[in-house]
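Asks: Take this structure, written in structure tokens, and hold onto it; I'll ask about it next.
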Amino acid sequence: MRVLETGLLVNEVLDTNAMTALIVCKNGTVVFINKTYLHILGKEEEEVIGKYIGDITPETRTLTVIKTGKAIVGYNWSINGYNMIACSLPLIRNGKLLGCFAYSLFMDIWDAKDLVDNLMTELNMYRDEVRNLHSARYTFAEIIGQAPNIQDVKILAQKAALHPSITVLIRGESGTGKELFAHAIHRASNRSRMSFIRVNCAAIPEHLLEAELFGYEEGAFTGARKGGSPGKFELANGGTIFLDEIGEMSLTMQSKLLVFLQEREFERLGSHDPIRVNVRVIAATNRNLEEMISQQKFREDLYYRLNVLSLDIPPLRDHVEDIPQLVKYLIPKLNVDLKTNVTSMSDEAITLLSQYNWPGNIRELINVLQRAIILADMGDDDTITTKQLCFMQVKNESGKTVSSHTLKSLIKDYERQILIKVLEETNYNKTKAANILDIDLSWLYKKLKQYGIPPDNA
């Protein structure tokens with residue numbers, strides 16, 4: 001064995017004829033090279049040891065590894081007519097980079113090329129699977145609307161996409177499409193090939209959110225996974241993390257998020273080693289953050305860190321002129337999901353939709369269209385008319401549609417319509433109706449009683 005200045009012990013196995021081996025210290029000078037590599041280079045040891053590796057092999061990957069601290073594994077390395085498979089690995093001790101260890105194997109010692117091709121095919125398959133799990137799905141082309149207020153927000157969002165380090169705060173009522181804008185910004189940026197990670201801050205209990213965001217080490221808490229787990233910020237490294245419902249985050253977690261935004265590094269739970277990542281943060285909320293600040297429910301300093309660029313998504317009632325275009329875009333997509341064949345909507349039905357207040361915004365419009373498409377399809381109609389939108393016809397004194405229906409009441413009204421429709425189609429044959437609805441006959445009678453529907457056509 002030979003002891004190097006780095007303190008690394010190198011076994012004589014590195015001098016086998018089957019492989020080349022090289023160690024470069026952090027300033028790029030060679031501190032070890034095995035006999036096989038010297039033979040390939042056609043040099044003596046004194047011509048290489050202590051010399052700058054870039055002068056010996058200009059295409060070397062070792063300098064990249066020293067610069068980035070990250071390994072480069074399984075690449076083709078050709079020199080002086082020899083074809084090899086090579087790996088360059090950082091040498092780290094106590095968190096400090098000491099240098100790089102590189103080695104390579106000759107392709108002709110086994111059928112290495114076929115092996116590598118198979119491995120790369122499998123690696124690409126898994127990489128594509130991971131990318132699909134953590135990728136943005138929507139583009140700006142899928143944000144429908146020609147109204148000036150929608151166009152203004154899209155233009156501002158497209159500009160934000162060109163500046164991949166800027167933190168973006170997306171504001172708007174529930175159902176306006178805030179997540180679509182987050183996806184589109186990522187897809188249009190130079191981070192698009194990297195991960196897009198969504199975190200719903202309202203859906204994760206406070207005591208779990210820190211581990212979810214920052215990860216944890218083995219033994220950090222009871223039930224911690226063996227080997228620990230990376231957090232969402234680590235998974236999003238190089239890409240984008242979308243913090244939805246940021247207004248629901250506790251003050252304690254707000255403080256931890258603020259530290260990350262300031263330092264761009266964090267520590268896993270149970271660890272004291274800082275992890276630095278390059279990630280764009282996009283946050284979204286339907287809450288009034290200024291009011292929350294005055295109530296001391298949201299940190300003012302975090303607000304200013306998040307609010308570098310703000311996008312205010314208008315509610316649907318403020319761009320109802322886009323409803324015809326939205327309906328035209330959504331119907332074909334919903335037909336695929338519902339396995340129906342409804343092609344259009346009548347002008348009267350469009351007018352009715354345009355008069356509605358839309359408290360649930362685009363999300364509510366989608367739900368309304370789903371119900372209307374099912375009703376139309378059950379009646380063998382390929383066009384949605386006001387007949388399929390009767391559950392929306394609640395008007396105030398001025399004759400204008402209002403949003404007095406709760407979701408619960410809309411669902412009940414919709415269920416009642418379905419029951420009546422199926423009974424009519426089966427000529428009030430309850431057994432057939434129960435079979436069509438895939439429910440027990442006793443349950444059908446219970447529902448008829450609940451909604452006051454006569455069991456016979458009386």
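Asks: What pairs come up if the first residue lies in segment 415-430 and is under 20 Å from residue 391 (Cα atoms) and assigned to a helix (DSSP H, G or I), the second is of a type in the set (Phe, Trp, Tyr) and at pLDDT below 85, and their beta carbons are under 6 Å apart, counting only those six or more places apart or on different chains?
Replies: 416/451
Asks: Open to solvent by 70 Å² or more (accessible area, probe 1.4 Å), under 26 Å from residue 173 (Cβ atoms) and modelled with pLDDT of 90 or more - does that describe any residue in segment 357-365?
Replies: Yes, segment 357-365 contains a residue that is open to solvent by 70 Å² or more (accessible area, probe 1.4 Å), under 26 Å from residue 173 (Cβ atoms) and modelled with pLDDT of 90 or more.
Asks: Out of all the residues in segment 206-237, which are open to solvent by less than 50 Å² (accessible area, probe 1.4 Å) and within 27 Å of residue 173 (Cα to Cα)?
Replies: Scanning segment 206-237 gives 209, 210, 213, 232, 233, 236.
Asks: I've got another one for you. State yes or no: is residue 198 charged (D, E, K, R), open to solvent by less than 60 Å² (accessible area, probe 1.4 Å) and under 16 Å from residue 136 (Cα atoms)?
Replies: No; evaluated as a whole, the condition is false for this residue.
Asks: Provide a single number: the residues in segment 121-140 that are open to solvent by less than 80 Å² (accessible area, probe 1.4 Å) and modelled with pLDDT of 55 or more.
Replies: So the count comes out to 7.
Asks: Another question about this same structure. Just to be sure, is residue 213 more than 24 Å from residue 176 (Cβ to Cβ) and either assigned to a strand (DSSP E or B) or free of Cβ contacts under 8 Å to residues at least 40 places away in the same chain (or both)?
Replies: For residue 213, the condition - more than 24 Å from residue 176 (Cβ to Cβ) and either assigned to a strand (DSSP E or B) or free of Cβ contacts under 8 Å to residues at least 40 places away in the same chain (or both) - is not met.
Asks: Taking the condition of being in a helix (DSSP H, G or I) and either surrounded by 15 or more Cβ atoms within 10 Å (Cβ to Cβ) or modelled with pLDDT of 90 or more (or both), how many residues in segment 337-350 meet it?
Replies: Selection size over segment 337-350: 4.
Asks: Which pairs have Cβ atoms under 7 Å, sit 6 or more apart or on different chains, and link a residue in segment 265-294 that is without any contact (Cβ under 8 Å) to a residue 24 or more places away in the chain to one that is surrounded by fewer than 22 Cβ atoms within 10 Å (Cβ to Cβ) and among the aliphatic types (A, V, I, L, M)?
Replies: Taking only residues 6 or more apart or on different chains, the pairs are 265/275.
Asks: Determine if segment 183-191 includes at least one residue that is charged (D, E, K, R), open to solvent by 50 Å² or more (accessible area, probe 1.4 Å), more than 21 Å from residue 265 (Cα to Cα) and touching a His at 6+ places or on another chain (Cβ under 7 Å).
Replies: No, segment 183-191 contains no residue that is charged (D, E, K, R), open to solvent by 50 Å² or more (accessible area, probe 1.4 Å), more than 21 Å from residue 265 (Cα to Cα) and touching a His at 6+ places or on another chain (Cβ under 7 Å).
Asks: Please go through segment 54-75 and pick out each residue that is of a type outside the set (Asp, Glu) and free of Cβ contacts under 8 Å to residues at least 24 places away in the same chain.
Replies: 57, 58, 67, 68, 70, 71, 72, 73, 75
Asks: Mind checking which residues of segment 165-179 are of a type in the set (A, V, I, L, M, F, W, C) and at pLDDT below 95?
Replies: Of everything in segment 165-179, just one residue is of a type in the set (A, V, I, L, M, F, W, C) and at pLDDT below 95, namely 166.
The values are calculated or read from the model by the stated rules, or taken from the named source; none is laboratory data. Computed from a predicted model, the values in this text were never measured in an experiment. Because the Cβ atoms are built from the backbone with ideal geometry, glycine has one as well, and the counts that use them run over all protein chains shown. We work out accessible area using only protein heavy atoms, side chains counted, and drop any ligands, DNA or RNA first. Shrake-Rupley method; radii C 1.70, N 1.55, O 1.52, S 1.80 Å.
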